[in-house]
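What follows is a single structure, written as structure tokens, with notes after it.
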């Protein structure tokens with residue numbers, strides 16, 4: 001069996017996925033310290049999970065992180081479970097699933113898929129009625145970002161929120177973030193100078209005892225020219241939309 005892409009020590013997981021590496025501090029869940037071929041991805045803090053719906057701080061740590069019950073590695077998955085508490089009565093579980101390039105299929109031979117992560121966030125409660133809102137935020141230094149336009153069925157600059165956002169990190173380096181179509185949420189992307197911010201507001205409905213809410217977001221890195229990257233991103237979303245949800249515990 002191949003070595004795991006995750007190495008967990010002292011509540012911080014090291015990710016080593018081909019040419020990509022990064023860290024996930026599970027007590028303040030965010031993918032950070034990202035590098036490609038040993039070169040840091042400037043300003044990249046991806047898929048930060050914030051369990052506090054009243055906090056708009058983005059990728060910084062929540063005002064009160066939920067108590068961590070356990071964290072462990074299973075195959076390509078890093079899994080963390082968080083207990084509910086009085087101020088935030090949600091029991092939550094996060095899966096970070098490493099996606100190897102051979103697992104991904106995309107059109108365009110000139111696109112080099114580097115790999116990525118699928119984030120699976122699940123919440124439940126022991127109370128009769130709670131607000132289960134969760135924010136997921138990604139930030140990075142970028143040259144530009146291009147949202148998916150549902151009406152035109154294409155990536156178009158300046159479009160309203162669609163299911164995916166493409167971020168140009170370098171001359172030929174791109175980051176694709178997308179949410180599964182079964183989720184009612186859509187990412188909202190904004191650019192301030194050279195910083196892009198992508199935010200997902202998950203679980204807008206109320207939550208009652210005995211119900212589990214789950215959301216899936218993928219973040220993928222690739223290299224290539226703009227035209228084949230746009231085609232590849234469309235194919236990668238179609239693959240994600242058709243995929244079955246991962247088995248969780």
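Could you say whether any residue in region 228-244 is surrounded by fewer than 21 Cβ atoms within 10 Å (Cβ to Cβ), over 19 Å from residue 153 (Cα atoms) and within 19 Å of the chain's Cα centre (by Cα)? Yes: region 228-244 contains one or more residues that are surrounded by fewer than 21 Cβ atoms within 10 Å (Cβ to Cβ), over 19 Å from residue 153 (Cα atoms) and within 19 Å of the chain's Cα centre (by Cα). Set side by side, the residues 164, 190, 185 differ, and just one is buried (at least 19 other Cβ atoms within 10 Å of the Cβ) and farther than 16 Å from residue 234 by Cβ, which is 185. If you check 41, 119 for being buried (at least 16 other Cβ atoms within 10 Å of the Cβ), closer than 30 Å to residue 129 by Cβ, in contact with a strand residue (DSSP E or B) (Cβ under 6 Å, 6 or more places away or on another chain) and at pLDDT 80 or above, only one passes: 119. The residues of region 58-110 that are part of a loop (DSSP other than H, G, I, E, B), modelled with pLDDT of 90 or more and surrounded by 19 or more Cβ atoms within 10 Å (Cβ to Cβ) amount to a single one, 76.
The values are calculated or read from the model by the stated rules, or taken from the named source; none is laboratory data. Small disclaimer: the values here were computed from a predicted structure and weren't measured. We place every Cβ from the backbone using ideal geometry, glycine too, and count neighbours over all the protein chains shown.
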